[in-house]
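Engineer: Quick one: the structure is below, questions incoming.
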Amino acid sequence: AQTVTQSQPEMSVQEAETVTLSCTYDTSESNYYLFWYKQPPSRQMILVIRQEAYKQQNATENRFSVNFQKAAKSFSLKISDSQLGDTAMYFCAFMNFNKFYFGSGTKLNVKP
Amino acid sequence: KAGVTQTPRYLIKTRGQQVTLSCSPISGHRSVSWYQQTPGQGLQFLFEYFSETQRNKGNFPGRFSGRQFSNSRSEMNVSTLELGDSALYLCASSLRSSGNTGELFFGEGSRLTVL
């Protein structure tokens, strides 16, 4: 069975600084997708970034980048130049055969 | 393009009652999946429907059921409500085609409180 673990229930970062959110997963599959989703307070969950397991290059979306370590089954999210609007719950997710598995989430507080 | 719409947004029920939640996916999306979100547990997968057929099911008791209509709208039903069913129920739609890269589009959720 696939499991996704986010070991940091809550984190804080000062505006303009960099923060890294951790995620590990467990699977015996070789082909899968990994995602980070963001859920702002009282708002819809949206996709932040996506990584295909067969791609060695780490995905990047503007200030968001990932460190994908397939052998270690690790998929961390780095947010650079943190902004107040980055305050949200962040969920790491694994997808295989159209089935998603989510972590328990990390609550990120960006402080002014 | 309209997003995923869930109704009702908030509801309060008492133990033993039943509840029906509705989800209208993004136009053209044929896959609808449901998740239960509770603090500390993250998102727990309930089930997924594609073209009116349940394709995947999570580990929830039979009190949780769902269906999908020909227009891809979906409903989920929870019978004999328990206090532990209090949660945010999220619906997500996706294309789910062979070239699907997996992005889910979420609604704002239906927050259920069971008293």
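Engineer: Evaluate peptide A:42-50: per residue, the Cβ atoms of other protein chains within 10 Å of its Cβ; return the mean as an integer.
Structural biologist: Across A:42-50, the average partner-chain Cβ count within 10 Å equals 4.
Engineer: Give the long-range amide H neighbours of B:H29: residues separated by 5 or more places, or on another chain, with amide H under 5 Å away, using H modelled in the peptide plane at 1.01 Å from N.
Structural biologist: HN-HN under 5 Å from B:H29: empty list.
Engineer: Give me a comma-separated list of calculated 3J(HN,Hα) values for region B:38-50, in order, Karplus coefficients 6.51, -1.76, 1.60 applied at θ = phi - 60°, integers in Hz, x for any Gly or Pro.
Structural biologist: Karplus values, whole Hz, x for Gly and Pro: 10, x, x, 9, x, 9, 10, 6, 9, 6, 10, 10, 9.
Engineer: Given H placed 1.01 Å from N in the peptide plane, which residues other than close sequence neighbours of A:M11 have an amide H under 5 Å from its amide H?
Structural biologist: Excluding prolines and chain starts, which carry no amide H, the hits are A:K107, A:L108, A:N109.
Engineer: Run the dipole for chain B about the Cα centre, Lys and Arg Cβ at +1, Asp and Glu Cβ at -1, nothing else charged, and hand back the magnitude in debye, nearest 20.
Structural biologist: The dipole magnitude comes to about 120 debye.
Engineer: Quick one: net charge of B:E82's neighbours, Cβ under 13 Å, K/R +1, D/E -1?
Structural biologist: It works out to a net charge of +2.
Engineer: Under the Cβ-under-4.7 Å rule, which cysteines of the protein assembly as shown stay unpaired?
Structural biologist: There are none, since every cysteine in the protein assembly as shown has another cysteine Cβ under 4.7 Å of its own.
Read the figures in this text as sums done on the coordinates, not as results from a lab. Note that the structure is predicted; figures quoted are calculated from it, not measured. Virtual Cβ from ideal backbone geometry, glycine too; neighbours counted across all protein chains shown.
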